[in-house]
Amino acid sequence: MIKAQDLRKEYKQNKKVTVKALDGVTFEIPDSSTVAIVGPSGSGKSTLLNILGGLDTDYSGEILVNGKNIKDYNTNDYRRKVVGTIFQQFNLVPSLTVAENIMLPISFGKQMSSFEAENRLAHLLDRLGLKDRAKHTPAELSGGQSQRVAIARALISKPQIILADEPTGNLDSKTGNEIVELLFELNKEEGTTLIIVTHDPELFKNVDFSIHLKDGKINN
Ligand SMILES: Nc1ncnc2c1ncn2[C@@H]1O[C@H](COP(=O)(O)OP(=O)(O)OP(=O)(O)O)[C@@H](O)[C@H]1O
Ligand SMILES: [Mg+2]
């Protein structure tokens, strides 16, 4: 269960102008559910996702995951074992191969034996249709392949929650739909909670519920 209580975040644009990117946001998300975060440009969607992902810690209010404030988790543990994040721009490391990119989140810690990690990698390469691309570099991949690598990287450490910020934003609509279908299938297979920021109405038809943001407030 994720519980967010009265989240607030302000950006000072200059001395006089302050933007309330999040203005008192409260919600609960049950385990293994699928959630869309929707709303107009500038409504606070990415701000909320970055906070949930532990990438931004400068906010007020609190987020509990499994009853524990996310600020009380070890940062690396939280970002590697609790959440996995997927971005619009894929954010792959250009100098690493596909397999190395996928393994990146677990290449520092000791949360998995190398046997387990190799098995997990083989499973994800197979599941995401990347088996014959394992030794390629990101420059040699299509957009859809790149995003599948990013999904595998987000899943490698078996996180409880997958966060995706407009994961289809850089893809054509057919490839985008395939990626979305894959994310929903993987949500079922892996039992993860899927939280997805989207502008695409097709996409949020399939979710358990949506969080509608407007001017940093929930507007359901
Ligand atoms: N680094 C920053 N500095 C100042 N203001 C920011 C910063 N990041 C975001 N903002 C402001 O906070 C508000 C929320 O931004 P956010 O990126 O969360 O919106 P969004 O809903 O993700 O929009 P989009 O759909 O365009 O991606 C906006 O008014 C934005 O201008
Ligand atoms: Mg955004």
Residue 210 is checked against (1) over 15 Å from the mean Cα position of the chain (by Cα); (2) assigned to a helix (DSSP H, G or I) and fails just one. What number does that condition carry?
(2)
Every pair of residues 6+ apart whose Cβ atoms lie under 9 Å, when the first sits in the range 89-105 and is free of Cβ contacts under 8 Å to residues at least 40 places away in the same chain while the second is surrounded by 13 or more Cβ atoms within 10 Å (Cβ to Cβ) and of a type in the set (A, V, I, L, M):
99/121; 99/125; 99/130; 99/134
Could you please give the count of residues in the range 175-220 that are of a type in the set (Phe, Trp, Tyr) and either in contact with a Leu (Cβ under 9 Å, 6 or more places away or on another chain) or surrounded by 15 or more Cβ atoms within 10 Å (Cβ to Cβ) (or both)?
2
The residue that is nearest to residue 207 (Cα to Cα), considering only those in the range 28-39 that are touching a Lys or Arg at 6+ places or on another chain (Cβ under 7 Å) and within 16 Å of ligand 2 (Cβ to nearest atom), is 37
Pair list, Cβ < 6 Å and 6+ apart or interchain, from the range 189-200 residues that are farther than 19 Å from residue 123 by Cβ to residues that are within 13 Å of ligand 1 (Cβ to nearest atom) and modelled with pLDDT under 90
none
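Each row is one residue, and each column tells you yes or no for (1) away from ligand 1 (no atom under 13 Å from the Cβ); (2) among the hydrophobic types (A, V, I, L, M, F, W, C); (3) closer than 26 Å to residue 192 by Cα.
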{"residue": "3", "(1), (2), (3)": "yes, no, yes"}
{"residue": "11", "(1), (2), (3)": "no, no, no"}
{"residue": "37", "(1), (2), (3)": "no, yes, yes"}
{"residue": "41", "(1), (2), (3)": "no, no, no"}
{"residue": "70", "(1), (2), (3)": "yes, yes, yes"}
{"residue": "73", "(1), (2), (3)": "yes, no, yes"}
Hey, does the range 8-27 have a residue that's surrounded by fewer than 22 Cβ atoms within 10 Å (Cβ to Cβ), within 16 Å of ligand 2 (Cβ to nearest atom), part of a helix (DSSP H, G or I) and touching a residue at least 24 places away in the same chain (Cβ under 8 Å)?
no
Between 37, 63, which is assigned to a strand (DSSP E or B), more than 16 Å from residue 164 (Cβ to Cβ), of a type in the set (A, V, I, L, M, F, W, C) and touching a Leu at 6+ places or on another chain (Cβ under 9 Å)?
63
Out of (1) loosely packed, with under 13 Cβ neighbours inside 10 Å; (2) at pLDDT 95 or above; (3) among the small types (Gly, Ala, Ser), the one residue 114 does not meet is (2)
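The values are calculated or read from the model by the stated rules, or taken from the named source; none is laboratory data. What you are looking at is a predicted structure, and each value in this text was computed from that prediction instead of being measured. Methodologically, a virtual Cβ is constructed for each residue, glycine included, from the backbone with ideal geometry; neighbour enumeration extends over all protein chains shown.
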